Amino acid sequence: MDKLLIHKISYSNLCAQFSEQIIIAVLPIIAVLSIHASASETAFIQMINTLPFLLLSIPMGVLADRVSRKKLMIIMEIIRAAAIFILFYLTFLGSLTINKIALFGFFIAIGTVIYSVASPALVASFVIKDQLINANRSIEIAKSVAFTAGPALGGILAGIYSGGLAFILAFLLSIISAFFLICLPKEPVQKKSGRNIIQELCDGFIFLLKNKYLRPITITAFVFNLSFNLLLSIFAYYTINNLSFTSFEVGMLLSLIGLGMFLGSVLYKFISTRINFGFQLTLGPVSAFVASILMLLTTIYPVKELVFISFFCFGFGPIIWTISTVSLRQLVTPNNMIAKISSVIMTVTFGARPLGAALGIYISANFGVTNCIVAVFIGFFIQLAIILFSKPANLKKLSDAEQ
């Protein structure tokens with residue numbers, strides 16, 4: 001494995017994810033503190049900002065299998081940087097509104113969709129199969145650093161010039177991410193299928209539905225994302241208004257997800273040598289379910305520490321799930337279908353994000369924000385039940401899944 005090449009991809013991921021995490025932290029905080037958004041309005045922002053995952057994952061996945069993934073990622077990273085700069089300009093003018101935050105957040109998310117769809121395929125095109133887990137682990141460590149520091153820094157900067165400094169930093173990080181991508185060598189040429197897009201998408205869906213490993217992890221991920229984004233859609237309002245969090249504490253809360261991810265990534269090699277692969281896959285859903293219990297307890301005992309521990313658990317277990325499932329997907333999927341399969345899975349799973357936010361709008365508006373927390377708990381119970389009774393949970397080691 002070319003370590004320098006993986007380092008470049010990792011650094012690009014670090015900067016791109018750092019930029020994204022700053023924006024994710026800043027937007028709801030600004031909406032609540034500066035524009036006095038309600039729970040349903042923050043949920044609306046979350047819904048619009050996650051719509052690209054539902055609408056564009058498949059088209060971008062097909063595109064990523066037909067053009068240079070490297071060039072595509074560079075172009076979209078620059079587009080994301082432009083959208084962030086516009087948000088800064090609107091902040092400078094003092095003309096930010098809920099609709100403008102949602103609109104430009106939508107364009108920022110398009111860059112995230114491209115990165116998420118094309119990056120696994122780009123890595124797989126450079127790295128041999130025996131080194132996939134190590135490569136993914138290296139990339140996830142870089143991402144987890146961003147998930148740790150980005151939200152905390154975003155929370156701090158959200159209170160300075162109405163978040164203007166946060167937008168500038170996020171803009172610069174996106175530009176640097178594009179620079180690291182530019183420094184990558186030209187990727188191996190993919191063999192063209194010669195078939196139309198509809199045929200290729202059908203291939204992707206059929207492959208996913210028939211595969212006994214990809215099908216259950218995709219369903220589990222769908223329910224996880226639905227539940228987690230229901231929580232994210234109202235968490236800023238809930239923590240600030242119900243638990244008296246400051247903007248800094250909200251940023252620190254999000255950073256604990258990153259801290260959990262970082263520790264999970266660092267410890268993954270140690271963990272993977274002591275438990276079988278199937279059990280590694282269940283750690284994420286188990287950890288998320290425990291986190292949902294802690295969040296539910298805050299509706300009875302409004303203790304900030306419960307929220308902090310909960311969000312740490314939302315990072316620790318799921319990152320082990322991510323490393324394991326991405327490696328499993330790369331192993332069982334033909335190389336020329338990885339981007340398509342990634343896009344189909346992203347549409348099904350990440351497409352649950354706007355659905356979860358829409359659910360947050362409905363529940364908070366009709367039944368109150370507390371009942372959103374109850375719904376989150378129910379969702380995480382369901383995702384745990386799905387994976388526990390699936391084929392992937394019975395795998396002794398990753399190579400057992402190779403067909």
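Looking at this structure, is Glu77 under 20 Å from the mean Cα position of the chain (by Cα) and acidic (Asp, Glu)?
On the way: under 20 Å from the mean Cα position of the chain (by Cα): yes; acidic (Asp, Glu): yes.
Yes, satisfied.
Per-residue answers, yes or no, for (1) at pLDDT 80 or above; (2) assigned to a helix (DSSP H, G or I); (3) surrounded by fewer than 24 Cβ atoms within 10 Å (Cβ to Cβ):
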residue: Ser233; (1), (2), (3): yes, yes, no
residue: Phe245; (1), (2), (3): yes, no, yes
residue: Val266; (1), (2), (3): yes, yes, yes
residue: Phe279; (1), (2), (3): yes, yes, yes
residue: Leu283; (1), (2), (3): yes, yes, yes
residue: Ile309; (1), (2), (3): yes, yes, yes
residue: Phe312; (1), (2), (3): yes, yes, yes
residue: Trp321; (1), (2), (3): yes, yes, no
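When the residues of region 208-251 are filtered to those that are touching a residue at least 40 places away in the same chain (Cβ under 8 Å) and among the charged types (D, E, K, R), which remaining residue is farthest from Ile23 (Cα to Cα)? Step by step, filter region 208-251, then rank; the result is Lys212. Residues in region 1-16 that are of a type outside the set (Phe, Trp, Tyr) and open to solvent by 20 Å² or more (accessible area, probe 1.4 Å) were compared, and the one that is modelled with the lowest pLDDT is Met1.
Listed by position, the helices (runs of 4 or more DSSP H) contained in region 328-403 that have at least 1 residues being modelled with pLDDT of 85 or more and buried (at least 24 other Cβ atoms within 10 Å of the Cβ) are 352-367, 369-388. Candidates in region 173-196 are the residues that are assigned to a helix (DSSP H, G or I) and open to solvent by 80 Å² or more (accessible area, probe 1.4 Å); of these, the one that is modelled with the highest pLDDT is Phe179. Yes or no: Ile217 of a type in the set (A, V, I, L, M, F, W, C), buried (at least 24 other Cβ atoms within 10 Å of the Cβ), more than 25 Å from Val32 (Cβ to Cβ) and at pLDDT 75 or above? Considered against the rule, which asks whether it is of a type in the set (A, V, I, L, M, F, W, C), buried (at least 24 other Cβ atoms within 10 Å of the Cβ), more than 25 Å from Val32 (Cβ to Cβ) and at pLDDT 75 or above, Ile217 comes out as yes.
Filter region 51-85 down to residues that are open to solvent by less than 10 Å² (accessible area, probe 1.4 Å) and among the β-branched types (Val, Ile, Thr) and give me whichever is nearest to Asn229 (Cα to Cα). So that I can check it myself, show each step before the final result.
The first filter runs over region 51-85 and keeps only residues open to solvent by less than 10 Å² (accessible area, probe 1.4 Å), leaving 52-53, 57, 61-62, 64, 69, 73, 77, 80-81, 83-84.
Cutting the leftovers down to among the β-branched types (Val, Ile, Thr) gives us 62, 84.
Working: Val62: 26, Ile84: 22 Å.
It comes out as Ile84.
Beta carbons closer than 6 Å, at least 6 apart along the sequence or on distinct chains, pair a first residue in region 9-34 that is within 9 Å of Gly154 (Cβ to Cβ) with a second that is part of a helix (DSSP H, G or I) and of a type in the set (Phe, Trp, Tyr) for Gln21/Phe147. Val26 meets the conditions (1) open to solvent by less than 40 Å² (accessible area, probe 1.4 Å); (2) under 20 Å from Val117 (Cα atoms); (3) within 17 Å of the chain's Cα centre (by Cα) in every case but one. The failed one is (2).
Going through region 67-94 one residue at a time, which ones are more than 19 Å from Ser177 (Cβ to Cβ) and modelled with pLDDT of 85 or more? Passing the criteria: Tyr89, Leu90. Among the residues of region 14-27, those that are out of contact with any Pro (no Cβ under 6 Å at 6 or more places or on another chain) and over 14 Å from Thr91 (Cα atoms) comprise Leu14, Cys15, Ala16, Gln17, Phe18, Ser19, Glu20, Ile22, Ile24.
The values are calculated or read from the model by the stated rules, or taken from the named source; none is laboratory data. Predicted model, so just to flag it, every value in this text is computed and none were measured. Positions of Cβ are backbone-derived with ideal geometry, glycine not excepted, and every protein chain shown enters the neighbour counts. Remember, those area values only see protein heavy atoms, side chains included, never the ligands or the DNA or RNA. Shrake-Rupley method; radii C 1.70, N 1.55, O 1.52, S 1.80 Å.
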